């Protein structure tokens, strides 16, 4: 298997696994020694594959909105370093709070657990039987 780089991010496939490495990606682009394709995370985004939905609600969230969005982005960035398939597909405010759709169920679960750890509140995690999907709810009033 040949070396590949993602056309949309800094992910690199070395023939065995995908990993996130900006320097190696740039080197491979300069030397033109890699096939350009989409990494597993961007393939999931292209296919609109959502493996997790996180719903964050409560009055606390309204007064700490920027802090909450920064936490979500930081968690997603850290998870990306471990798993290039773990991406935030969509994040939107819905009037009650924030809804985050992810391409990876472990990313959704991690967001919920980190919110509980950072801000307390009530966390609920529901795994759908016979499916690779998780629904995570966090609330603090």
(message) Please pick out the residue among 80, 56 that is in contact (Cβ under 8 Å) with a residue 60 or more places away in the chain and part of a strand (DSSP E or B).
(response) 56
(message) For the range 1-47, which positions are part of a helix (DSSP H, G or I) and in contact with a helix residue (DSSP H, G or I) (Cβ under 9 Å, 6 or more places away or on another chain)?
(response) 41
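Per-residue answers, yes or no, for (1) outside the structural domain of residue 20 (by TED's automatic domain parsing); (2) closer than 24 Å to residue 10 by Cβ; (3) at pLDDT 95 or above:
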{"site": "53", "(1), (2), (3)": "yes, no, yes"}
{"site": "69", "(1), (2), (3)": "yes, yes, yes"}
{"site": "81", "(1), (2), (3)": "yes, yes, no"}
{"site": "91", "(1), (2), (3)": "yes, yes, yes"}
{"site": "100", "(1), (2), (3)": "yes, yes, yes"}
{"site": "108", "(1), (2), (3)": "yes, yes, yes"}
{"site": "111", "(1), (2), (3)": "yes, yes, yes"}
(message) Looking only at residues that are modelled with pLDDT of 95 or more and loosely packed, with under 15 Cβ neighbours inside 10 Å in the range 117-141, which one is nearest to residue 69 (Cα to Cα)?
(response) 118
(request) Looking for whichever is under 19 Å from residue 119 (Cβ atoms) and at pLDDT below 95 here; the options are 61, 26. Which one fits? (result) 61
(request) Working only within the range 41-99, note down all residues that are within 20 Å of residue 5 (Cα to Cα), surrounded by fewer than 16 Cβ atoms within 10 Å (Cβ to Cβ) and in contact with a strand residue (DSSP E or B) (Cβ under 6 Å, 6 or more places away or on another chain). (result) 81
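The values are calculated or read from the model by the stated rules, or taken from the named source; none is laboratory data. These numbers were taken from a predicted model, which means no experiment stands behind them. Cβ atoms come from the backbone with ideal geometry, glycine included; neighbour counts cover every protein chain shown.
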